[in-house]
Amino acid sequence: MSGEFTLIELSKIETDTLRKSVIDTLLMEASPLEIIPWETIGALATTIVRMGTLPSVGFRKINEGYTVGTAALEQKVENISLLGGYFDTDKAIARAKNTIASARAITQVMMTKSIAYKFNDKFINGNPETDPEEFKGLKERVDDVVAEGYTAQEVDVAGGSITEGILNSSAISHNFLNKFDQAMYQIKGHSPQFAFMNSTVLLAIRALLRKEKLLNQSMDFFDRVVDVYGNTRLADIGVKADQTTEILPLTETKGGGTTESSIYFARFGIGEFLWGIQEYPLEVEDKGLLEGSPIYRTEMDWPVGLAVADPYSICRLFGIIPTNAA
């Protein structure tokens, strides 16, 4: 299969019921996977060519030539990380007749959800400097482009001067919306497809947009209601596999406070903006009863990573205080 698919498109045409069930569970639990397009690269790494300084152009006189302009191209390597796991069920449990549902099916759902939460976490917080086995997430990627001189890809809500929550007053609410729009504008085309945040920030923004009559809503792939501001979907990136730790915490101090968080904006497109790379498409295989062990096993294997070709495809809004006190 071609790698230029989103998982939603793949789910629509998938005929293997086991693989489709895993894909659908991933989609239900990992909002980034609803829109990330995947490129199959057939390798463990790929070289990305990114446009730097554009070539100079100008005017010429009659019978004279144009001045030759040279474009600056930058190359960077994006790596694959091996994501997956074993869905193991003891034979005695799998064959028990007094269970409400299939033990193997329950194990599969639980493990797939755990993998989805792991992807969500690394999509934001992945840092191969601290763990070489994981791919680089948006947090480190924004740090990279800011360090390269694209400082506008990071927007501070308050500059350390506001210590009240974004719902505390009309002035603070309007300042936040202005900064939110500023961060959106930094994305190429001025219209990011997604804004990723935690649940507390999402609820505060939902309340603010509802109050200002700016909240739109649509339906996702599973007919769930989702929040939209302009053309940008507002998404709760969720928690880690422990079901309690926020992937985007309310404990950042980057903006000068102590109960702050960030929002990450992204625009997706293979070879152009932000996209997913995979050595080969997701594989799910029922291994059956293991030899020498009373265990039924299903294996999920997905070598994946992220790639960014345009620094203006990602942006961070930080220093957000969703509550009424710092």
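How do the strands (runs of 3 or more DSSP E) wholly within the range 276-324 filter down when requiring 2 or more residues that are more than 30 Å from HIS174 (Cα to Cα) and free of Cβ contacts under 8 Å to residues at least 60 places away in the same chain: which remain?
283-289
Please find, among ALA241, ALA266, the residue that is modelled with pLDDT of 95 or more and within 20 Å of TYR117 (Cβ to Cβ).
Sole residue among the options that is modelled with pLDDT of 95 or more and within 20 Å of TYR117 (Cβ to Cβ): ALA266.
If you go through the range 288-310 one residue at a time, how many are closer than 23 Å to THR6 by Cβ and not aliphatic (A, V, I, L, M)?
Residues flagged as closer than 23 Å to THR6 by Cβ and not aliphatic (A, V, I, L, M) within the range 288-310 amount to 5.
Any residue at all in the range 28-38 that is at pLDDT below 90, aliphatic (A, V, I, L, M) and over 21 Å from LEU138 (Cβ atoms)?
No.
Among the candidates ALA94, ALA158, single out the residue that is over 28 Å from VAL304 (Cβ atoms), surrounded by 15 or more Cβ atoms within 10 Å (Cβ to Cβ), in contact with a helix residue (DSSP H, G or I) (Cβ under 6 Å, 6 or more places away or on another chain) and small (Gly, Ala, Ser).
ALA94
Please verify whether the range 120-135 includes one or more residues that are hydrophobic (A, V, I, L, M, F, W, C), crowded, with 19+ Cβ neighbours inside 10 Å, at pLDDT below 95 and in contact with a strand residue (DSSP E or B) (Cβ under 7 Å, 6 or more places away or on another chain).
Within the range 120-135, none of the residues are hydrophobic (A, V, I, L, M, F, W, C), crowded, with 19+ Cβ neighbours inside 10 Å, at pLDDT below 95 and in contact with a strand residue (DSSP E or B) (Cβ under 7 Å, 6 or more places away or on another chain).
Out of the helices (runs of 4 or more DSSP H) lying entirely within the range 137-251, which hold 1 or more residues that are touching a residue at least 12 places away in the same chain (Cβ under 8 Å) and more than 15 Å from CYS315 (Cβ to Cβ)?
170-185, 199-211
Where residues in the range 14-39 are crowded, with 16+ Cβ neighbours inside 10 Å and of a type in the set (S, T, N, Q), which of them is nearest to TYR150 (Cα to Cα)?
My answer is SER31.
If you take the residues of the range 172-208 that are over 24 Å from ALA30 (Cα atoms) and among the hydrophobic types (A, V, I, L, M, F, W, C), which of them is modelled with the lowest pLDDT?
ILE172
Scan the range 303-313 residue by residue and report those that are closer than 19 Å to GLN75 by Cβ and under 15 Å from the mean Cα position of the chain (by Cα).
GLY305, LEU306, ALA307, VAL308, SER313
Quick one: in the range 140-149, which of the residues that are within 17 Å of ALA307 (Cα to Cα) and surrounded by fewer than 19 Cβ atoms within 10 Å (Cβ to Cβ) is modelled with the lowest pLDDT?
GLU148
Step by step: first the residues of the range 203-240, then only those that are within 17 Å of the chain's Cα centre (by Cα) and among the small types (Gly, Ala, Ser), then the one that is farthest from LEU177 (Cα to Cα). Which residue is that?
Only one residue fits best here, namely GLY238.
The values are calculated or read from the model by the stated rules, or taken from the named source; none is laboratory data. All values derive from a computational prediction rather than experimental measurement. Positions of Cβ are backbone-derived with ideal geometry, glycine not excepted, and every protein chain shown enters the neighbour counts.
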